[in-house]
Each structure stands twice: as C-alpha cells, then as structure tokens.
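Input: a single structure, listed below in structure tokens.
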Amino acid sequence: MNPDPDPSSEELFAHAGEAPFARLSVEVMLNALDDLGLAGDGTLVALNSYENRVYQVGIEDQPPVIVKFYRPNRWSDAAILEEHQFTDELALHEIPVVPALSINGTTLHHAEGFAFSVFERRGGRAPDIERTDTLAWLGRFIGRIHAVGATRAYQVRPTLDLQSFGEEPRRWLLDSDFIAKEIRASYAAVSAAALECVAKELFAVPASVIRVHGDCHIGNVLWTEHGPHFVDFDDSRMAPAVQDLWMLLSGARDEQALQMRAILSGYREFADFDIRQLRIIEALRTLRLLHYSAWLARRWHDPAFPKAFPWFASVNYWQERITELREQIAAMNDEPLSLD
C-alpha cells in the first residue's frame, strides 16, 4: 500500500516478543515532557485508549496537557504528521477540533523510541444523540470537516477499502490460532460470503473518497455549551463521506432513517452528499466488524487487551461473529436505507 504500515503489519514492534509499551514508564514520559520545557507537577492520569497510550499530565504553573504516545510501528512519522496537518487545516477554518500543539517547531516528538504529541486539554460530555437538533449540529460539524477534507487527498495515509479492511484481516484470522477449530470452517464460509456481498455493494456504488475522521462514533465527540468538537483523528484516512455518518446511527431502520435525515439536514449546509452512498452503509459496517476482530487478535500480546477483552477468542465469541456476519449478509441483500 503506502509507505506506512497497513493493517497487515500493525502487529510488528521494535522489539520482537515485547509488549509494545513495556518500556513506557512514568519516568520516560515525564522526562520526555521536561525535554520540551513542560515540567510535570507529578499528576498523571491514564485516559481511555487501547491503541495508543494517552495521559493527562499536570504541568507546573500551567494548565494540564494531554500527551499521546503512539503505538510503535503502526504509523510512520510521515503519516502522523499528515494527520496533524489535516487537523491544523480544520482549526484554521475555525472548525472545533483539537490539533496537536506545535512545540519547538514541530507537533511530533520522540523519546526512548516512542513517538508522541502534546494536546491542549478540552473538556466535554457525550452528545445527546436522541435529539434531532443535536444530530443536525453534528451533521453541520462533519459537513465542515468534509468540505476541507475534499480539497486535497492524503498522500501517505491509506484508503479504507475491501482489501485492507476485509480480505486481509479475514485471511490473517484464518491463518491464526484464534478461531476454534470446530467453527473455523463455518467462519471461513460465512466471512467469504459476506465479503462477496461487500464487493458487490462497493462495485454498485463507486463512491469517491475524501479525507475523513475515520472513527466517527460518539465516544470521539465531546459536547460543550458551545457545541461539539471531535477528538482523536488517529484513524483518519481516505474513505467515502458516509463512513463518518453511519456510526452515529442506531436502532431500527425507521429510527436510523430519521437520524440520517437530521444529520444530513445539517451536513448539506456545508457539503454535498451523494445519496447513493446510503447503499454502502452495511458494506462498510461489515468491513469494520471483520477488521475489529483482527485488530483484537493482533493486539493480544499487549497486556491491556486480555484485561479489557477477556471474552475474546472464546468459542462463544466466534459463534456470535458468525451470526453477526449472517445478519450483515441479510442486511446487504435488503433494500438500502431510504430517506423517502
């Protein structure tokens, strides 16, 4: 793919067999900040993040900052900086995102083999997506992001596609020991059938791709009295615009239709939307489900993952995935979401 590691190589680390963050001690973190002129006051709080390690760190005589230490060998420096350039563009357009702080002329720093960045701390709460006005506001926000995202393409970061998010993760899982032998054949068959449906849907709607947030669920939206702001563009890539919309939907189809109408009522104030992309929502959901299982498997040597996901790799887990993929096949063969 691109010079960056794609999902097929994310499991590689600088020291074979070592947990990726084993050497990331409190001393390493505080020394790294001190080298940037940010003297820690001894207060350090781990925030909810599995892919990277993210901390709120108290700074002497200054407000606390958020420090993100990137998972080794997942992204190249060029890919991280490309993400930072995108969020800087958004901030220049007065779109409420949280860009990395430029310190000593750069937003990306290194310490003891780890790449890291520093961010301003921004508070907020989860948005109330039961309200149509909230969904419309989110739609306006995403529309503004996409209007900027469509002005140029990523040169280094990858594209969400059938191969990287579906075929390769499926092949990796089947080659691993995570799927119980007694259901491996069933999983192989249903996942192959699901990807055939995905390929059919993506072929039927050859959607253009733009720079998107990439992981646009409510956990990455913080709401204040001034409205929403997005955090964590770590999964940003080239993808169809609808990738940043469908994860905000929930409930039955009629409920999802109402939600999408509200989102698009705001979105279309700032960006065009090809209504044909509604057809590929279930295909994109299927790719995310396949990729998620492979992501968990590839991260299993990270001690944080067995603790957080103890149910993973059980026979019951894979039986549920088989049922889930069958439901996705049915959904992709059904009529697409309609706003009529």
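The values are calculated or read from the model by the stated rules, or taken from the named source; none is laboratory data. All values reported here derive from a predicted model rather than from experimental measurement. We place every Cβ from the backbone using ideal geometry, glycine too, and count neighbours over all the protein chains shown.
Summary table
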{"read-out": "Residue tally, condition of a type in the set (Gly, Ala, Ser) and under 19 Å from residue 34 (Cβ atoms), over the stretch 47-63", "value": "1"}
{"read-out": "Single condition residue 290 does not satisfy, out of (1) in a helix (DSSP H, G or I); (2) within 25 Å of residue 197 (Cβ to Cβ); (3) at pLDDT below 95", "value": "(3)"}
{"read-out": "Top-ranked residue in the stretch 293-316 [being crowded, with 17+ Cβ neighbours inside 10 Å and either modelled with pLDDT under 95 or not aliphatic (A, V, I, L, M) (or both); ranked as farthest from the chain's Cα centre (by Cα)]", "value": "313"}
{"read-out": "Any chance residue 339 is in contact with a helix residue (DSSP H, G or I) (Cβ under 6 Å, 6 or more places away or on another chain) and either in a loop (DSSP other than H, G, I, E, B) or outside the structural domain of residue 98 (by TED's automatic domain parsing) (or both)", "value": "yes"}
{"read-out": "Number of the exception - residue 129 against (1) at positive phi; (2) part of a loop (DSSP other than H, G, I, E, B)", "value": "(1)"}
{"read-out": "Selection from the stretch 277-299 of residues that are farther than 16 Å from residue 334 by Cβ and either outside the structural domain of residue 172 (by TED's automatic domain parsing) or in contact (Cβ under 8 Å) with a residue 60 or more places away in the chain (or both)", "value": "277, 287, 288, 290, 291, 293, 294, 295, 297, 298, 299"}
{"read-out": "Which listed residue is under 28 Å from residue 54 (Cβ atoms), over 20 Å from the mean Cα position of the chain (by Cα), of a type in the set (Asp, Glu) and not assigned by TED's automatic domain parsing to the domain that holds residue 84, from 225, 201, 196, 255", "value": "225"}
{"read-out": "Enumeration of residues in the stretch 105-121 that are over 28 Å from residue 267 (Cβ atoms) and either in contact with a helix residue (DSSP H, G or I) (Cβ under 9 Å, 6 or more places away or on another chain) or outside any loop (DSSP other than H, G, I, E, B) (or both)", "value": "106, 107, 108, 109, 110, 111, 112, 114, 115, 116, 117, 118"}
{"read-out": "Criterion violated by residue 66 - all others in (1) out of contact with any strand residue (DSSP E or B) (no Cβ under 6 Å at 6 or more places or on another chain); (2) under 18 Å from residue 115 (Cα atoms); (3) at pLDDT 95 or above satisfied", "value": "(1)"}
